[in-house]
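These notes are about the structure you will find just below.
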Amino acid sequence: MNTFELDKSYVAPTYARFPVEIVGGKGATVTDADGKTYIDLGTGIAVNTFGTCDEEWIAAVTEQLHTFQHTSNLYYSSPCARLAEQLCTRTGMKRVFFSNSGAEANECAIKAARKYATEKKGADAYTILTLCNSFHGRTITTLSATGQDVFHQLFTPMTPGFVHAPANDLDAVRKIADETPLAAIMFEVVQGEGGVNPLSREFVDGLCALAAEKDILLIADEVQCGNGRTGMLYGYMNYGFTPDIFTTAKGLGGGLPIGATVLGEKVKDIFSAGDNGSTFGGNPVACAGALNILSRLDEKTLDGVKKRSKMIFDALTGAPGVVSITGLGLMLGVETEKPAGDVIAACREGGVLVIKAKNKVRLLPPLNIPEEQLAHALEVLRAACAS
Ligand SMILES: *Cc1c(COP(=O)(O)O)cnc(C)c1O
């Protein structure tokens, strides 16, 4: 059997895969089993921060592989400690818990918020408010946090303690906060799976004021919009506030599984021994990869993200068949006159991989995609939207 047949026979069919088998890649391109190369504007959903098989990242990961590949969290290890230091010194946060995915990072944030609220406000203040159209993960609890009923239906009962309010509706949030003692408000500053929608500045300012007033923790889910993707190191930095907790994963490892829950001043001492754990969390190889990625998310790279973002806006704004462009930096959603699925298929024919977010074509290119390749990919995308 070939890969398609093996997958269809043996892999649980939870994904509607595109009919492409990736066999390799280099930089901003990937190659399929027929030898066709594509410019990859999806990066494994914002994971391959500097593209496929990036040499510097491979060197960092390989060096650690030859040093030691894993130890348990019963011992100290340098990559884990140094990555925590970097995450804190680059953001002003205080402590990090490491896991392996975005969902786990959010689970940990939820535990931190519940413990903080229980200690500060009593056992009734466990409720966490999240936004409609959010996405926080696939475990039962992060699914409960996810404000999209379609994901809940077949898996009830959901974990209690979550309420949802429409994004950018401060009155709705205030009304809930007046009726229910809240532990935290958790949100993506740019909703990814929900359609690449940035929150409004006024709404985020309002959340900050409300949180200060009622001692509600602010949790920024930076799993997709973090790690340079929006043109700032973390997405919340575009909004001029510091969350009490932020979570990240996807692009942090540059292609290896890692999750991080980053705790600020208010919650820096919330956890003690035994409160959380993860066998693979803080894995030295994943941390070595993440250290390399973070070290390269400097001003020059972030300026490059902004420049490439402008190229995309310039190429697509007002283009035939393009209705609107939303998002920040290199996390963009393109609303098209044609169904997004048709545009995605036409791009694939033309040698460009893009993905979907709700009704939009989603662009998540490597942060260092060469400008000529981006320009070429944009020509293909423009043609796909117009025809
Ligand atoms: C992808 C994503 C998650 C879940 O991450 P996994 O690594 O798939 O568990 C959580 N939050 C946001 C915003 C995401 O984009």
- Query: Within region 129-172, can you find the residues that are hydroxyl-bearing (Ser, Thr, Tyr) and within 23 Å of the chain's Cα centre (by Cα)?
  - Reply: 130, 134, 139, 141, 142, 144, 146, 159
- Can you pull out the residues in region 147-165 that are within 16 Å of the ligand (Cβ to nearest atom), farther than 20 Å from residue 217 by Cβ and part of a loop (DSSP other than H, G, I, E, B)? 148, 152
- Task: State yes or no: is residue 221 more than 13 Å from the ligand (Cβ to nearest atom) and under 13 Å from residue 131 (Cβ atoms)?
- Result: no
- Query: Only one of these conditions is not met by residue 254: (1) touching a strand residue (DSSP E or B) at 6+ places or on another chain (Cβ under 8 Å); (2) crowded, with 24+ Cβ neighbours inside 10 Å; (3) of a type outside the set (Val, Ile, Thr); (4) under 23 Å from residue 357 (Cβ atoms). Which number is it?
  - Reply: (1)
- Task: Would you kindly identify the strands (runs of 3 or more DSSP E) lying entirely within region 1-62 that contain at least 2 residues that are aliphatic (A, V, I, L, M)?
- Result: 22-26
- Residues of region 234-276 satisfying the condition of being within 16 Å of the ligand (Cβ to nearest atom), part of a strand (DSSP E or B) and not hydroxyl-bearing (Ser, Thr, Tyr): 245, 246, 259, 260, 262
- Consider residue 202 carefully, then state whether it is within 16 Å of the ligand (Cβ to nearest atom) and modelled with pLDDT of 95 or more. no
- Query: Scanning region 208-218 for residues that are outside any loop (DSSP other than H, G, I, E, B) and crowded, with 24+ Cβ neighbours inside 10 Å, which turns out nearest to the ligand (Cβ to nearest atom)?
  - Reply: 218
- Message: I'm told residue 373 meets every condition in (1) in contact with a Ser or Thr (Cβ under 6 Å, 6 or more places away or on another chain); (2) not in a strand (DSSP E or B) except one. Can you identify the failing condition by its number?
- Response: (1)
- Of the residues that make up region 17-29, is at least one more than 26 Å from residue 378 (Cβ to Cβ) and touching a residue at least 12 places away in the same chain (Cβ under 8 Å)? no
- Message: Can you go through 328, 316 and tell me which one is surrounded by fewer than 24 Cβ atoms within 10 Å (Cβ to Cβ) and within 16 Å of the ligand (Cβ to nearest atom)?
- Response: 328
- Positions within region 85-103 being within 16 Å of the ligand (Cβ to nearest atom) and within 17 Å of residue 289 (Cβ to Cβ), in sequence order: 98, 99, 100, 101, 102
- residue 56 is checked against (1) farther than 14 Å from residue 295 by Cα; (2) surrounded by fewer than 20 Cβ atoms within 10 Å (Cβ to Cβ); (3) more than 22 Å from the chain's Cα centre (by Cα) and fails just one. What number does that condition carry? (1)
- Among residues of region 117-146, those that are assigned to a helix (DSSP H, G or I) and more than 14 Å from the ligand (Cβ to nearest atom), counted: 5
- Go through 300, 268 for me and flag whichever is surrounded by fewer than 24 Cβ atoms within 10 Å (Cβ to Cβ) and without any contact (Cβ under 8 Å) to a residue 60 or more places away in the chain. 300
- Item | Evaluation of residue 366 against (1) closer than 21 Å to residue 251 by Cβ; (2) surrounded by fewer than 22 Cβ atoms within 10 Å (Cβ to Cβ); (3) not acidic (Asp, Glu) (one fails), failing number | (2)
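The values are calculated or read from the model by the stated rules, or taken from the named source; none is laboratory data. All values reported here derive from a predicted model rather than from experimental measurement. For neighbour counting, all protein chains shown are included, and Cβ atoms are generated from backbone atoms with ideal geometry for every residue, glycine included.
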